[in-house]
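Worksheet for the structure shown next.
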Amino acid sequence: MPGSRLKSFNYAIGMFGTSIPINMLKTYAAIFYVDKLGLTTVQFSLLLSVYTFIDALDNPIYGYLSDRTRTRWGRRRPWLVLATPLLVLFFIAFYSPPLQLGASMLFAYCMIFYYLAGTLDSVINANYGALFPELFRSDAERASTNALRQAFQLVAMIISIALTPLVTKALGYQWTAIIYGLLGGVVILYMSLTSREVAEVKAEEKPELWDSIKSLVTNRKFWIAGFANAFYSAAMSLVLVSLPFFVKYTLAIPDSQATILFAAVLLIAIGCVAVWARLVRRFPLIPVWRASLVALGVAFIPLMFANSLVTALLGSALVGFGFAGVITTMDLIGAKIMDEDTQKHNVRREGIISNAMGFMNRMNGLFTGAAFYLVFALFGFESGKNTGPQPDNAARFLLAVFPMVLMVISFGFSFLIDFHEKKEAPASLAAE
């Protein structure tokens, strides 16, 4: 494998590792604790909302510490190597609650280990994301590498989301978490040890916390891209979290059929990542990004009216097409924001910006928490033990109605940002 391709592979496969545990954590936390163990939707809503504010506090700190780290192993690698085994440990613990916990203790246990696993994921993803603009400098190189890492992410999602109902049915949630945690951890460590960071210039200035926060607060493009990402991320988070509820209560088919719908989303997305990456190479980034947001938003309309596995499959396939476009373009938007910050301030602080953007992404917890509260307020759905009179409509609201509203807002934010890109010459595209 040529050196440039090996470099891209070693970095991109890290997305497979980071996605395996966190996707299972975020996707099946609700169905495991609410539907199976009896945690209420109000408690789960509170958990997500509080976690969003915790994320607001810890993310800038993690990025700041990463950017200021100076070791002979690099800035990012020590954090990745130290945080990975802890993430695996807390992730396994989350899906291994002691038997017969009371209601208040169950809520406390769920909250503690959800937060611990989530904050370690923040550490890992901030450092992993900071490596991207450092290692790959041109738009074409970034587009190619990002397409590869998104493909790895989608493969990880097939395993940790689509196949999980079958795996948990055979092995249970605890053993599934052990397998996924160890698999993800090994891959993250491989990426950490094989991806070489850009050599530090001895005279390079260390970023200061206050100056970094001030530059972020006053960076209009950061906020616009961040909010667009937050609303999109909330929409997709709701799709992943609510699909098992939709299968069980709206379609009234076996729980294992969720695997088919998840697979439809993810397999279509894998096939379409290359299509969107080619569009990014041929056309300016911003219009392609906006087109992907539209495609994802429109995809929720068929899901609103789906009443069988076949009609739900059609809607899921359309969601996969739009989803592929957003994941192909969103990270490139973030990389451009990091480039502009470096050029303007002459300080490398990809870790702070990456973590801050990660926090904006995790603001989806506020919106997903609001959605779970609304299904209780509007439909009386409290838990698997008390589903209320309209569990079918409650699940449909979670899967299609609320996510489409979020995508309309995300699309609106996309019109407030532009980078005034210069189109690359056809010859350079052909060479790439």
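Just so it is clear, none of the values below were taken in a lab; they were calculated from the coordinates. Just so you know, these numbers come straight off a predicted model, no measurement behind them. Don't worry about glycine lacking a Cβ; one is built from the backbone with ideal geometry, like all the others, and counts go over all protein chains shown.
The figures follow:
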read-out	value
Global size of the range 364-408 as Cα Rg and Dmax, reported in angstrom	10.4, 34
Distance (nanometres) between label positions extended 7 Å along Cα→Cβ at LEU171 and ALA56	3.8 nm
Degrees separating the helix 309-345 axis from the principal Cα axis of the chain, which is the longest one	30 degrees
Low-density loop cleavage sites - trypsin sites (Lys or Arg not before Pro) in the range 1-107, where at most 13 other Cβ are within 10 Å (DSSP)	ARG70, ARG72
Radius, Kirkwood style, for the chain when every pair of distinct Cα atoms is counted (Å)	21.8 Å
Relative contact order (percent, whole number), the chain, Cα cutoff 8 Å, 6+ residue spacing	30 percent
Nearest-0.05 FRET efficiency for SER4 and LEU314, computed from C-beta distance (R0 41 Å)	0.55
Cα-Cα over 18 Å, subset of LYS7/LYS344; LYS36/LYS385; LYS169/LYS385; LYS221/LYS336	LYS7/LYS344; LYS169/LYS385
Dipole of the chain, positive direction: furthest Cα of ALA130, LEU48, VAL34, with charges on the beta-carbon	ALA130
Spatial separation of Cα centroids for the range 167-198 and the range 229-287, in angstrom	22 Å
In order through the range 62-69: 3J(HN,Hα) via Karplus (6.51 cos²θ - 1.76 cosθ + 1.60), integer Hz, x for Gly, Pro	4, x, 4, 5, 5, 5, 8, 5
For the range 41-54, Karplus couplings with θ = phi - 60° (6.51, -1.76, 1.60), whole Hz, Gly/Pro x	5, 5, 5, 5, 4, 5, 4, 5, 5, 5, 4, 4, 6, 4
